[in-house]
Structure formats: structure tokens, C-alpha cells
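I have placed the structure first, in the form of C-alpha cells, so that the comments after it can refer back to it.
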Amino acid sequence: MLILPKKLEMSLTCNQLLHKHTQVWREATVHPFLEQCKLGTIQPEQFNTWLLQDYLFVVDFTRMVGRLLAVAPLQHFDVIVGGLSALQEELNWFEAKAAERSLALDAHKQLTCQIYCDFMYSLATMPYPVQATAFWAIEFAYNQGWQLPGTMPEPYAEFAFRWGNPSFTEYVQLLEQQADQVLQNTSVTIGHQAEEAFLKVAKLEKDFWQMAFNC
Ligand code: HMH
């Protein structure tokens, strides 16, 4: 019988997931929507579609993080509760941005947004390491997506700064450390579930950018 060295049975770390799935991750974080924000050529209607749908997304994302807190180890509370507080502030900010653009916030979720929110709801049935990996991937997608194009013109600079600023980057790194810590001590099965969740986030992020062009 072949005995595999222990190392081969370990779950992938966040960084290893990124390296294993470079192309999928690139598609999650590089999109014409962001490139057109960078060029200042995005159509206001498309930007507004994204803004409204992202507001609806963040409402449900905040709920997801609340459920994740309920199963997290005590040592992870600091970062998660800080994240929740930032999300509440973000919801207020979205409301202000929508008001500036005279957008009604009681819009319906588009199908892609609904599918993403359903996925976040389904994570509650998964073990904590899977939830922690998805949490990191969701935040990292925006951190990279808004940062990669480089300086954006107004009014998009404010959006790029929100998810690309140094303290948000630091927060995402802490989420990565927390996910890695629990992935390290988990079973192969849960490691695979974490990888599936990572891939699902990447796919949904790509679809979410595309949704802005379906209006
Ligand atoms: C679609 N993914 C989407 N929206 C967001 N606001 C975030 C991630 C947060 O990082």
C-alpha cells in the first residue's frame, strides 16, 4: 500500500488556490466593466445597474458574515466584527451614492445577483473553513478587481479607493490568514469543499461584472 506523505493530504492554502486557478481568478477580477471605469467610458446606466445590484448583494453578504461569526472561533471575532461594522458603514455609503444618482434602492435582484445571494445563503450549511475561504475570496475579488486597473477618474476613483485602499487590503490579508489557519487543520473533504467554494465565488464574480451590461 502506498502511504502518501502527510503534506500531500493537506488542504490548499488561499495562495495555493490562487496559483492553481490563475485563469479563473483573472476572469473574476479583470473585466471590461472595470476597464471602462478606468477609461471613464462606462455608460452611466451600466454603472448604476452595478451599483444597485451591488447594494442588494452587500445586504445579503452582511447577513452571510453574521452567520459566519456564529460559527467562528473566538480568536477570529476581532476581524469578523470589524468587517461587519465596515459593511454596515458601506450600506450607508451605498444609500448615499444611490441618492446622489436618484436611484431607487428597492430594485429587484437580477438573476445573477439572486444566484450569488443564494450561494451565500447555502454556505451556512458548510463547515467554518469553507465559509472562511469564501469570505476571503469575496473580499479579495473586489480588492484586486478595483485595484488592478490603476488610478480611475472621478466619479469612479471613490469606488476604486473603497476596495483598493491600503487598510482594506490589510483586512483582506487578515481574512486570508484566518482562512489558512483553519484550512491547515481540516480534513481533505473540507479542503475540497473550500476549493469548490473558491471556484464558485470566482465564477459568480465574473458573472456579476457581466450583469451590468445586461440592462
Ligand atoms: C459582487 N463581490 C461583489 N460585491 C461586493 N461588494 C464584494 C464582493 C465585496 O468585496
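The values are calculated or read from the model by the stated rules, or taken from the named source; none is laboratory data. Here the structure is a predicted model, which is why all the values come from computation and not from measurement. No Cβ is skipped: glycine too gets one built from the backbone with ideal geometry, and neighbour counts run over all protein chains shown.
Quick check on my filter: what residues within the stretch 187-212 are away from the ligand (no atom under 16 Å from the Cβ) and either part of a helix (DSSP H, G or I) or surrounded by 20 or more Cβ atoms within 10 Å (Cβ to Cβ) (or both)? Quick ask: steps written out before the conclusion?
Applying the first criterion (away from the ligand (no atom under 16 Å from the Cβ)) to the stretch 187-212 yields 187-196.
Once the filter is applied, which keeps residues that are away from the ligand (no atom under 16 Å from the Cβ) and either part of a helix (DSSP H, G or I) or surrounded by 20 or more Cβ atoms within 10 Å (Cβ to Cβ) (or both), the stretch 187-212 yields Val188, Thr189, Ile190, Gly191, His192, Gln193, Ala194, Glu195, Glu196.
Among the listed residues Tyr121, Tyr116, identify the single one that is at pLDDT 95 or above, closer than 18 Å to Glu27 by Cα and of a type outside the set (A, V, I, L, M).
Working: Tyr121 fails: closer than 18 Å to Glu27 by Cα.
Every option except Tyr116 fails the conditions.
Any residue at all in the stretch 166-173 that is among the aromatic types (Phe, Trp, Tyr), touching a helix residue (DSSP H, G or I) at 6+ places or on another chain (Cβ under 8 Å), modelled with pLDDT of 95 or more and closer than 23 Å to Arg63 by Cβ? The answer is yes; a qualifying residue exists.
Looking across the stretch 79-128, the residues that are within 13 Å of the ligand (Cβ to nearest atom), surrounded by fewer than 19 Cβ atoms within 10 Å (Cβ to Cβ) and of a type in the set (Phe, Trp, Tyr) come down to Trp93, Phe119. With respect to the conditions (1) among the aliphatic types (A, V, I, L, M); (2) surrounded by fewer than 19 Cβ atoms within 10 Å (Cβ to Cβ); (3) more than 25 Å from Glu158 (Cβ to Cβ); (4) touching a Leu at 6+ places or on another chain (Cβ under 7 Å), Val71 falls short on a single one, namely (4).
When Ala107, Ala98, Ala134 are checked against the criterion of being in contact (Cβ under 8 Å) with a residue 60 or more places away in the chain and not polar (S, T, N, Q), Ala134 stands alone in meeting it. Whenever a residue of the stretch 32-61 is over 17 Å from Ile138 (Cβ atoms), its partners that are part of a helix (DSSP H, G or I) and more than 16 Å from the ligand (Cβ to nearest atom), lying with C-beta atoms within less than 9 angstrom and at least six residues away or across chains, give the pairs Thr41/Glu35; Ile42/Glu35; Ile42/Gln36; Gln43/Gln36; Gln46/Gln36; Phe47/Gln36. Considering only residues that are touching a residue at least 40 places away in the same chain (Cβ under 8 Å), assigned to a helix (DSSP H, G or I) and either more than 12 Å from the ligand (Cβ to nearest atom) or within 23 Å of Leu123 (Cα to Cα) (or both), which ones fall in the stretch 146-167? Once the filter is applied, which keeps residues that are touching a residue at least 40 places away in the same chain (Cβ under 8 Å), assigned to a helix (DSSP H, G or I) and either more than 12 Å from the ligand (Cβ to nearest atom) or within 23 Å of Leu123 (Cα to Cα) (or both), the stretch 146-167 yields only Ala160.
Any residue that is at pLDDT 95 or above and touching a Pro at 6+ places or on another chain (Cβ under 7 Å) - is there at least one of those in the stretch 67-76? Checked against the condition, which is being at pLDDT 95 or above and touching a Pro at 6+ places or on another chain (Cβ under 7 Å), the stretch 67-76 yields no hits at all.
Quick check, is Gln53 of a type outside the set (Phe, Trp, Tyr) and away from the ligand (no atom under 16 Å from the Cβ)? Break it down stepwise before answering.
Values: of a type outside the set (Phe, Trp, Tyr): yes; away from the ligand (no atom under 16 Å from the Cβ): no.
Here the answer is no, as Gln53 does not meet what is asked.
Going by the conditions given, is Leu51 touching a Leu at 6+ places or on another chain (Cβ under 8 Å), over 21 Å from Ala157 (Cα atoms) and not basic (Lys, Arg)? Spelling it out, it is not the case that Leu51 is touching a Leu at 6+ places or on another chain (Cβ under 8 Å), over 21 Å from Ala157 (Cα atoms) and not basic (Lys, Arg). Kindly establish whether Leu199 is at pLDDT 95 or above, more than 17 Å from Ser122 (Cα to Cα) and aliphatic (A, V, I, L, M). Criteria not met by Leu199.
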